[in-house]
Amino acid sequence: MDKEIVERAKQGDMNAFALIFNEDYIKELYVVAKLKLNNDDDAKDAIQETVLETFRNLNKIKFVNKLKPWILKVLMNKCNNIFRHNHRFETIEGKDSTDLEIEDEFTNINNKVDLFDMLGSLEIDDRHMVFLYYRGYTSKEISSIMKVNENTVRTRIKRAFERIKRKYNRGDS
């Protein structure tokens, strides 16, 4: 993230703030929210709340390299709140699940494996860790975002990749 853009956004430049939340970054946030909430509308609500929270608290960010992990923490907290709220009102039969959908580059990995199909076989926290790892976050950053020990992150990602590899080597889908 460009330091100049963040500084301009902190001073109230709405164009600079919009550059922080560019289309690619919104897609990344959408995938994280969708993996947690499994619902388009809830994912969009979580992102909207995250953008508002970022706007309100942008001046608190001292280091530009900490902005993206902080935004992801905010998003995860918003998703958790929505998830808890939704599950308080579920019926005994449970909620209808929504088919997982996503656009363009998030649809496939190596044009073979549907990202959501691959991640769908994992536990929800493992899904987030693998996705964040896939997007280039370090195990230390994932540890901070997920509030889990860094060694635990590495172990869970390694085991998740092993499960995925076994599943697709067997030809399951």
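Computed from the coordinates by the stated procedures, all read-outs in this text should not be read as laboratory data. Everything numeric here is computed off the predicted structure, so don't read it as measured data. Every residue, glycine among them, receives a Cβ derived from its backbone with ideal geometry; neighbour counts consider all protein chains shown.
Between Lys62, Lys44, the distinction of being outside any helix (DSSP H, G or I), of a type in the set (D, E, K, R) and over 14 Å from Ile145 (Cα atoms) belongs to Lys62 only.
Considering the range 16-36 alone, what residues qualify as being touching a helix residue (DSSP H, G or I) at 6+ places or on another chain (Cβ under 7 Å) and over 23 Å from Leu119 (Cα atoms)?
Step one: filter the range 16-36 for residues touching a helix residue (DSSP H, G or I) at 6+ places or on another chain (Cβ under 7 Å), giving 16-17, 19-21, 26-27, 29-36.
Result: Ala16, Phe17, Leu19, Ile20, Phe21.
Contact map, the range 1-13: first residue within 19 Å of Leu52 (Cα to Cα), second residue aromatic (Phe, Trp, Tyr), Cβ cut-off under 6 Å, separation 6 or more or different chains; pairs are Ala9/Phe17.
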